[in-house]
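Just below is one structure, and these are the notes that go with it.
Please treat every number below as a calculation from the coordinates, not as lab data. It should be emphasised that the depicted structure is a prediction, and the values quoted were computed from it without experimental measurement. Every residue, glycine as well, gets a Cβ built from its backbone with ideal geometry; the counts of neighbours run over all protein chains shown.
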Amino acid sequence: MVNVPTLHGTTPEEKRKEIRAYFQMCYKRYESFFNLVSNEAAYYQKADALRHPIIFYYGHTATFFINKFKLAKIIDKRVDPLLESIFAVGVDEMSWDDLNEKHYNWPTLAETQAYRDRVYAIVNEVIDTLPLELPITEASPWWVIMMGIEHENIHLETSSVLIRQLPFEYIREDSAWEECTTYGDAPSNTFVEVPEGLVQLGKNKDAQLFGWDNEYGTHTSHIPSFKAAKYLTSNAEFLTFVEEGGYVNDDYWCSEGKAWRDYSQVVYPLFWIHRDGEYLLRTVSREIVLPLSWPVEVNHLEAAAFCKWKSEKLGVNITLPTEDEYVRLRDESGVASYLEWTSQGKNVANINLEIFASPMPVDSYKHGEFYDIIGNVWQWSRTPMYPFDGFKVHPMYDDFTVPTFDGKHNLINGGSWVSCGNLATQKSRYGFRRHFYQHAGFRYVQSNYEEKVVTDYYTSDDIISQYCHFGWGENRLGVENYPAKCASIALEVMKDKPRNKAFDIGCAIGRSSFELARGFDEVIGVDFSARFIQETEVLKQNGVLRYTVPTEGELESFHEVNLKNYNLEDEREKVAFWQADACNLKPIFKDFDLIFAGNLIDRLYDPKKFLDTLAGRINDGGMLILTSPYTWQEESTPKEKWIGGYKRDGENVTTLQGLEEILGNDFKLLDTKDVPFVIQETARKHQHTVAQMSIWEKR
């Protein structure tokens, strides 16, 4: 087993060798796990209705390396743009009520494997040749390499859950993935007192190990004493809940839990099987008689219902622990940290794939007065994912955690048998939707502690706030709101043309998309920034968006967007938002009556590539509207890719001329207009700009 390299070291060459070995082991281990799938057809079957088929995940982790290397300018060419479009962005944990039934043309397994092989060679070459300075910091390109490796470790775990859900006839056993064969009776669970104490979460930028954005910052809290179960909740303990009608008694289920239970029609945990009067358990590669001594694996909603039932049985308040209570429990147990146990070569828990490729009895690994503080299965908490003080996104992966700050994702703690690398470290933080299945169970606590964390917070990121105000605020210079004005012109231009579907490319915070929905049956808005899309989703789901704007110095003003105040409440159901690269759009974006691209073309890395695809996405007679101030700059667009603003053969070439050369065969230029806009930086500082709008009709 090759463990996570530290970010520090004595010589760059030794660290290069260490990271190379870690990458190669993780990459090949990921492929090895997919060998458990015995039939290629299984790669294209949805194991879970709310997830992609596993062929996506097999290609996705390789594509991640290429996308991030390209973004970080470590490489300058893609490997396969088509496959990288297919494998790049995918909804990974949808709710049961937001299913996306769009179809994808998945590549063959052989094509995907060939792609993975090419990426493997490229990453090895990068590791062998990229200059390396120690320590590795967040600004280093080597951080991006570590990001790719740890991203694949995450998908090793999530893919193992999907493989576990495939039809059993598609799965084979493999000696490389040995599962536990120790069963027996479960120990009787008891409570152990956890004394009060201070907990401190978060880590510094000079930490020894790589971390994801949500791990950094600070959080301190004083936790009163509480009691915690000595063991994880076993299958035997949960079986009593099932047999006493826990799944059919509404009193034990919250409203979200009832909605999920009624939709899924569950009467026992997902991995249980009831056959011929007995319960079986589906592991990744076997069906076995339900091992009563193993920890139960459930989602958060099931765990919370069990706690309600347990509270009624015992007459005290039984609940899931908060993240802080889990950390207090972990501190009290004295369990070793990742660097401590890996450096000493000790097996301290069923974690990091060091013991079995399955759970094992809950009384196997003792930590202080408790068992399984880490490992075996993840432990659900009642804490929603939230940012620590000082949280900042990493520019190379701005949507890793931000989309989970929605109050709908709860933290899981401690890691499972398959949690490797960062997932196995004591500082890791992962949150999933409450109906989501991981290799996760729970430990209940007796506690009355009331946690205070904020998930519905004011957006204070400077760029996000600026675009929120640009899209939804009014300014002091008397210039009309730009996205609203552009959408109004677009609706006028459509006149009596069909208004079935519009495409808003570079939608930012969504104002133009919502405004277009006044006149269209459906509007799809896309933007390259995941943070922008996150804010538009908040607005769509809640009808409200809050943000701050700097006024002077450290002072700021608070603003709230409420769709009701714009008479846009009814348009919420007509818009959909996606993260996407305008120069590498998926084939599913087509059949539009209008495409609007506001202030986009002079910020693209390849505007001609973008423009060349538009004719195939617009219906005959449909309209294309482009706006831009034509502020070409090499930081965004290589000069050889500019479509105007330069001299050719001694003559000026304007951007409008360049647009006519590219679009002229498929579109007729109908009109141009000047549309001013203002961007407010502070209360007294504004940028005033005039964009040119060009209006085109598909021939």
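Net length available on complete extension from residue 110 to residue 137 is 6.0 nm, with 0.36 nm assigned per residue and the Cα-Cα distance removed.
A Cβ-based charge dipole, computed about the Cα centre of the chain with Lys and Arg at +1 and Asp and Glu at -1, lands at about 740 debye. Against the main long axis of the alpha-carbon atoms of the chain, helix 12-34 sits at an angle near 80°.
Residues 623, 693, ranked from the fewest to the most other C-beta atoms within 10 Å, line up as 693, 623. In a DSSP loop and with at most 15 other Cβ atoms within 10 Å, the trypsin sites (Lys or Arg not before Pro) in the range 281-378 are 286, 346. Dividing the helix sum by the residues of the chain, where each DSSP H run of 4 or more adds -39500 (n - 2.57), gives a mean residue ellipticity at 222 nm of -9000 deg cm²/dmol.
With each label modelled as a point 7 angstrom along the Cα→C-beta vector, the residue 196-residue 70 pair spans 5.6 nm. Each of 1, 25 was scored by other Cβ atoms within 10 Å of its Cβ. Listed from fewest to most, they are 1, 25. Coupling constants for the range 166-178 follow from the phi torsions by the Karplus curve (6.51 cos²θ - 1.76 cosθ + 1.60, θ = phi - 60°), and in residue order they are 5, x, 4, 5, 8, 10, 10, 7, 9, 4, 6, 10, 6 Hz; glycine and proline get x.
Placing a pseudo-label 7 Å from each Cα along the Cα-to-Cβ vector at residue 117 and residue 45 gives an inter-label distance of 2.7 nm. Farthest toward the positive end of the dipole of the chain, out of 466, 547, 226, is the Cα of 466, where the dipole comes from beta carbon charges about the Cα centre. Dipole orientation for the chain: of the candidates 280, 605, 301, 605 has the Cα lying most toward the positive pole (charges on Cβ; Lys, Arg +1; Asp, Glu -1). Database remark: amide H of residue 280 closer than 5 angstrom to the amide H of 273, 274, 275, 290 (H placed geometrically; neighbours at sequence offset of 5 or more, or on other chains; Pro and chain starts carry no H). When each of 538, 453, 544 is scored by the number of other beta-carbon atoms lying within 10 Å, the sequence from fewest to most is 544, 453, 538. Here's the picture: a label point sits 7 Å out from the Cα of residue 660 along the beta-carbon direction, and within the range 590-619 the residues with their amide nitrogen under 20 Å of it are 601-602, 608, 611-612, 615. Fully extending the segment from residue 169 to residue 78 would add 29.0 nm, taking 0.36 nm per residue of separation and subtracting the current Cα-Cα distance. Between residue 392 and residue 1, residue separation times 0.36 nm minus the direct Cα-Cα distance comes to 137.5 nm. Sequence neighbours fewer than 8 away in the same chain don't count; with that in mind, list the aspartates and glutamates whose C-alpha is under 13 Å from residue 17. List returned: 125, 128. For a paramagnetic label modelled on residue 631 (point 7 Å from Cα along Cα→Cβ), amide N atoms under 20 Å away belong, within the range 577-606, to 597-606. Do the alpha carbons of any pairs in 452/501; 73/408; 15/70; 68/205 sit beyond 32 Å of each other, and which pairs? Listed pairs above 32 Å: 452/501; 73/408.
Looking at the chain, send over the antiparallel percent of its DSSP beta bridges, to the nearest 5. Write out the running numbers ahead of the final one.
On the way: 64 of 88 bridges.
That works out to approximately 75 percent antiparallel.
Compared with the dominant Cα axis of the chain, that is its longest principal axis, helix 109-129 is turned about 90°. Taking the longest Cα principal axis of the chain as reference, the axis of helix 141-165 is set at about 60 degrees. Looking at the range 132-214, the trypsin sites (Lys or Arg not before Pro) that sit in a DSSP loop and have at most 14 other Cβ atoms within 10 Å of their own Cβ are 172, 205. Distance between the pseudo-spin-label points of residue 639 and residue 267 (7 Å out from Cα toward the beta carbon): 7.4 nm. For the range 624-699, applying the loop criterion from DSSP together with a ceiling of 12 other beta carbons within 10 Å to the GluC sites (Glu not before Pro) yields 634, 635. Of [x] 83.9; [y] 33.0; [z] 61.8, which is the value of mean projected area of the Cα convex hull in nm² derived from the coordinates here? Only one listed value fits the structure, namely [y].
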